[in-house]
Amino acid sequence: MPRLIDYKVAYQSQYEKRGQRALLLVGLLFSILSVRLIYLQILRYSEFQRLSGRNHVRLLPQAAARGFIYDRHGELLVRNIPSYELCVVPGEVQELDLLLQRMKDIAGVVPELARRKLAKVGGRYYEPVPLLSDLGEDVIAKLSERKSELRGLIIRMQPRRHYVHGRLLAHVLGYTGPVSKQELDASYQGRKPRPFERVGKAGVERQYDDYLRGHSGGIQVEVDSYGRHLRVIAEKKPRLGEDLYLTIDYKLQQASEALLAGFRGCVVALDPRNGEILAMASKPDYDPNEFAVGISSDRWAELVADEAYPLQNRSLQGEYPPGSIYKIVTAVAALETGVKNPYQSYLCQGVVNFRDWPYRCWKEHGHGWVDMNKAIIESCDIYFYRAGLRTKVDALNRYSLMFGLGEKSGVDIPGEKAGLVPSAPWKRKRYGRAWYYGNTIQMSIGQGFLLATPLQLACMMAALNEGGTIYRPHVLKEVRDERGELVRAYKPQVNSTLLVTKRTMRIVRRALRGVVNTRRGTGGRARLRTLSVAGKTSTSENPHGEPHAGFVCHAPAEEPRLVVMVWFENGGEGGAVAAPVAKYLLEEFFGLRHDRELEQIREMMRKEMELG
Amino acid sequence: MNVHSATRVYRGLDYGLLAAILFLCICGVANIYSAGHSIAGMGGLYQRQLVWLAISLVFFFLLLTVDFSIFSELAYKIYAFSISLQILVLIFGAAVSGSRRWFSFFGVMYFQPSELAKLALVLAVAKCISEGRDETTLAPPFYKPLLLACLLTPLVYLQPDLGTSLLFLPATLVMLYVAGTKWRRMSRLVMFFLLLVSPLWFGLKDYQRDRLRVFFDPEYDPLGAGYNIIQSKIAVGSGGFLGKGWLAGSQTQLSFIPEHHTDFIFAVVGEEWGFIGCALILCLYMYIITKGVRIALRARKETEALFAFGLVAIFTFQVVINIGMTLGILPVTGLTLPFLSHGGSSLLISFIGFALLLRIDWSTRGRRKR
């Protein structure tokens, strides 16, 4: 029903008023939008500029391949081999259920586990999710056969550590693993690792991680919001890790391990002239390749719980009472302080009473009249009880420390133990008791509270050279880069110098030659026709059963070039079990014809141990 | 209606307004091209937009020749038709990612009836107010226009098209306001509107509720619902004063901005054309709105005036809400930016609406001359 005069025309002013107001409001709203635009695009421009840059540039880290490890002659010990990893790119999968079923059939991927991993992806659908590592060749073959029906699945190559000789030198080489939280911490020693890298966890791999690890690089890629890679913006090539050349002599090491295999014990061979370790074996051991593949927690728990301690490097982590080998220290200390005349003889009748307490010699019926020379050669306990009592605990303690006992040698392998050299104050502090007479008696033959690692005993033997210098033992010889250029050469370092008279040194070294080379000497089984060997046996009483069998020697006796230390846990008599092993290794090192074949020696050792 | 009258309409047309609209459309196509060209399957979007633009222009020039009184006569029928379409789309509509908002024609063309509803409502309310005034007090009717809006709101809301459904009542409100409704009644209407909206909160889909929630705290879920706001702010902000240049915006090209060809098209403008581009677009919108209001104020018939006001109101709401959402000062509700966003129905209905507006303008000026 149209009116004659339209309301609009009649009430134009009201319309004008309200219309203008509405327009004013629109103007206000647009002003707010403009202010906001100025705020975002002009005032906060630089901030958003930065954010937009970060948004679409992603850094894909690439860990550098670790350096190789060689022995002193260039024998390859550790390298990298390609390892294949199964990944799924969620954005390219068409039928997830089917894919997972196939992967289960072919590679044994657990579908639930895979689903859980894939659920964590978030929005980055085009980033590969690793599901299975270290694929076997058969699996790779099967997967590539069916590649067309397995869309979204890729196989990625990654280098993995390969310990070429398996268990050989396992404890020295150590192993690598993914970076842990603690290692990412600021307090970590050395170059800080990146979260995606693998770092050395034990042995040389850990000690020289900085050289081996190299410098990781990466590629900057432009990605879209799904994580799809569009193009490479920049690339920084990773710098390969540097190669290590160890002081280890592969052949000597191999011989040591072959001799030890199946027993519990260790061998240390070093050059007394500079501290280079030529062989360091410890049994039982483990295969570091297990760690390279990625060790399961079950297997790890098994290794840790093993009562034979396969993870322990006995050469520097085993603390044992040194036994008769310690008589070298007692002899030196005695000659320097308590015993003025080494040619004075005492009667050994197999037992002696001190303060109404009987102390026995290991030889039941005694050694008869014994002077220092004979005491060392035949390892007479009673002579050393007397010598020790004359020398007193303080001097024994002092000379022990001078020989490097009771403190870490500083070898370049992590985890070294310090051993223990007791003293009167130590005992008071530890046990709240005074130092007894009997403590000194026990200490003078290397028993009682004394503890030393086989490496320390080897260093002790190494001290018996012309100058009395003890070099810091080490396994690193050189570091070289990928082109073979020398990066670092290990400079021998002096740990300490033995301050003793030439006379003392002469007497002790003569006696040690006698241990091996005289008819009654305990170390006769290490005797060589063409090489003068000097050494000392040890049969060390311990609370774990049979005595430990030990033998330490150096050769040639006139100017030692090699120290060999052999130790068998609960092996029995040192002269019978350990000395033949040392002899074989000396023959090996000096290129002599073997008196007995390796298997013969092992057979002999087995028999001795059964007898003992 | 004959060829003669048609040429007269074309000759007397306000080409300034049409030029502004066409310029916006060209900008839209350029930005849709930029948003889509680096993504597989979206490269052809700008071509579709061009096709729709052509169709819209045909409708535009055809409907210019039709006098507004004819639409005014048909207003209730169009409204009823629109209501039935809303119901039909809920039943027969093409489901696209969980919503039924579109009619599909052979799977090629899609039409969104909620767009038509905007036009139908404004027509019906304009007619309703102008013809339903109280005989003695001349007060505009209150409950009838309200009812018209309230019928549409839930139907569109169910599709679900939250943004559009929330436009109906405010648009009616604006029309009632300019028609001279007393403030007291208006405030009562606002109360009613709020009462109507509050239960909607519970009926909101999770993603819609999240969108509203993250508006107040975008970092609440930076990868989920807050993602849109943050990414669009980064895009606009990183554009700076001059912009990164056409096809050079990394946020746009790498699809960090979701829905960058439709709801978030303004973020593409902000990133690639910078403050200059944004300011230009804002000026164009302001120009169109001012023109629209002037046409409304000049109109000689109340129906025409109210229709013009309603149309401009809806237009303004869409522009302000969409840009405000892109700039992170209003919640994400899913409204298109008229003439700029990709979307055929939106474009077509906008052109039809402005055809009616320009026809009103033409006839007003013609009447004055006579």
Practice prompt. Give the span of the range A:60-246's Cα atoms along each principal axis, as three whole-Å numbers ordered largest to smallest.
Written response: 54, 36, 28
Worksheet item: Hey, fewest Cβ within 10 Å first, where do A:Trp357, A:Trp426 land in order?
Response: A:Trp357, A:Trp426
Discussion item. Inside 10 Å of the C-beta atoms of B:241-249, what's the mean count of C-beta atoms belonging to other chains?
Written reply: 1
Item to complete: Averaging sequence separations of C-alpha pairs under 8 Å and six or more residues apart, then dividing by the length of chain A, give the relative contact order as a whole percent.
Response: 13 percent
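Net charge within 15 Å of A:Cys348 by Cβ-Cβ distance, Lys/Arg positive one each and Asp/Glu negative one each, not counting A:Cys348 itself?
+2
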Worksheet entry | Summed side-chain charge close to B:Gly344 - residues other than B:Gly344 whose Cβ falls under 11 Å, Lys, Arg +1, Asp, Glu -1 | 0
Practice prompt. Report, as a whole number in µm² per second, the diffusion coefficient that Stokes-Einstein gives for the range B:68-203 at 37 °C and 0.692 mPa s using the Kirkwood radius over alpha carbon pairs.
Written response: 208 µm²/s
Worksheet item: Which order results if A:Trp362, B:Trp183 are arranged by neighbouring Cβ count within 10 Å, fewest first?
Response: B:Trp183, A:Trp362
Discussion item. I'd like the distance separating the alpha-carbon centroids of the range B:274-321 and the range B:339-365, in whole Å.
Written reply: 11 Å
Response to the item:
Within the set B:Ser104, B:Ser72, B:Ser114, GNM on chain B using Cα springs under 10 Å gives the largest fluctuation to B:Ser104
Worksheet item: With labels modelled as points extended 7 Å from the Cα through the Cβ direction, what inter-label distance (nm, one decimal) is found for A:Ala119 paired with A:Ile219?
Response: 3.3 nm
Item to complete: Within 10 Å of each residue's Cβ, count the other Cβ atoms and sort A:His162, A:His215, B:His342 from fewest upward.
Response: A:His215, A:His162, B:His342
Item to complete: For chain B, set up a Gaussian network in which alpha carbons nearer than 10 Å are linked by springs, and say which option among B:Ile229, B:Ile91, B:Ile257 fluctuates the most.
Response: B:Ile91
Worksheet item: Counting Lys and Arg as +1 and Asp and Glu as -1, what is the net charge of the other residues whose Cβ lies under 15 Å from the Cβ of A:Asn495?
Response: -1
Practice prompt. Evaluate the distance, in nm, between pseudo-label points positioned 7 Å from the Cα of B:Leu247 and of A:Leu303 along their respective Cα→Cβ axes.
Written response: 5.8 nm
Practice prompt. Would you mind telling me which residue in B:Asp161, B:Asp67, B:Asp134 has the biggest mean-square fluctuation in a Gaussian network model of chain B, where springs connect alpha carbons within a distance under 10 angstrom?
Written response: B:Asp134
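Rounded, prolate or oblate: which fits the range B:240-370, taking a ≥ b ≥ c as square roots of the Cα gyration tensor eigenvalues, rounded meaning a/c under 1.5, else prolate when a/b beats b/c?
Values: a/c = 2.72, a/b = 2.29, b/c = 1.19.
It comes out prolate by the Cα gyration axes.
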Practice prompt. Starting from the Cα-Cα distance between B:Leu88 and B:Arg188, subtract it from 0.36 nm times their residue separation and give me the gain in nm to one decimal.
Written response: 32.7 nm
Practice prompt. Straight distance only, please: which lysines reach the Cα of A:Lys340 with their own Cα at less than 19 Å, same-chain residues fewer than 8 apart left out?
Written response: A:Lys327, A:Lys374, A:Lys392, A:Lys502
Worksheet entry | Added length on full extension, which subtracts the Cα-Cα distance from 0.36 nm per residue, A:Val164 to A:Lys237 | 23.6 nm
Practice prompt. Please label the shape of the protein assembly as shown as rounded, prolate or oblate, based on the square roots a ≥ b ≥ c of the eigenvalues of the alpha-carbon gyration tensor (a/c under 1.5 means rounded; beyond that, a/b larger than b/c means prolate, else oblate).
Written response: prolate
Practice prompt. Go ahead and run the numbers for FRET between B:Phe59 and A:Arg54, Cβ-Cβ distance against an R0 of 41 Å, rounding to 0.05.
Written response: 0.35
Practice prompt. At 7 Å along the Cα-to-beta-carbon direction for both A:Gln14 and A:Met604, put a label point, then send me their distance in nm to one decimal.
Written response: 12.7 nm
Fill in: Residue mean of other protein chain beta carbons inside 10 Å, B:290-303
4
Practice prompt. Quickly estimate the mean residue ellipticity at 222 nm for the protein assembly as shown, helices only: each DSSP H run with n ≥ 4 gives -39500 (n - 2.57), and the total goes over all residues, rounded to 500.
Written response: -15500 deg cm²/dmol
Fill in: Cross-link reach list, aspartates and glutamates versus A:Lys491, counting only Cα pairs under 13 Å and skipping chain neighbours closer than eight places
A:Glu276, A:Asp412, A:Glu478
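Using a 10 Å cut-off on Cβ to Cβ distances, tally the other chain neighbours for every residue of A:11-23 and report the average as a whole number.
5
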Discussion item. Calculate the FRET efficiency for A:Gln493 and A:Arg360 from the Cβ-Cβ distance with a Förster distance of 41 Å, rounded to the nearest 0.05.
Written reply: 0.45
Fill in: chain B: Cα Rg divided by the 2.2 N^0.38 Å rule of thumb
0.99
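Taken together, the values in this text are just the output of simple stated rules run on the coordinates, not laboratory data. What you see is a predicted model, and the numbers here were worked out from it, not measured in a lab. Neighbour counts are summed over all protein chains in view; Cβ atoms, including those assigned to glycine, are modelled from backbone coordinates with ideal geometry.
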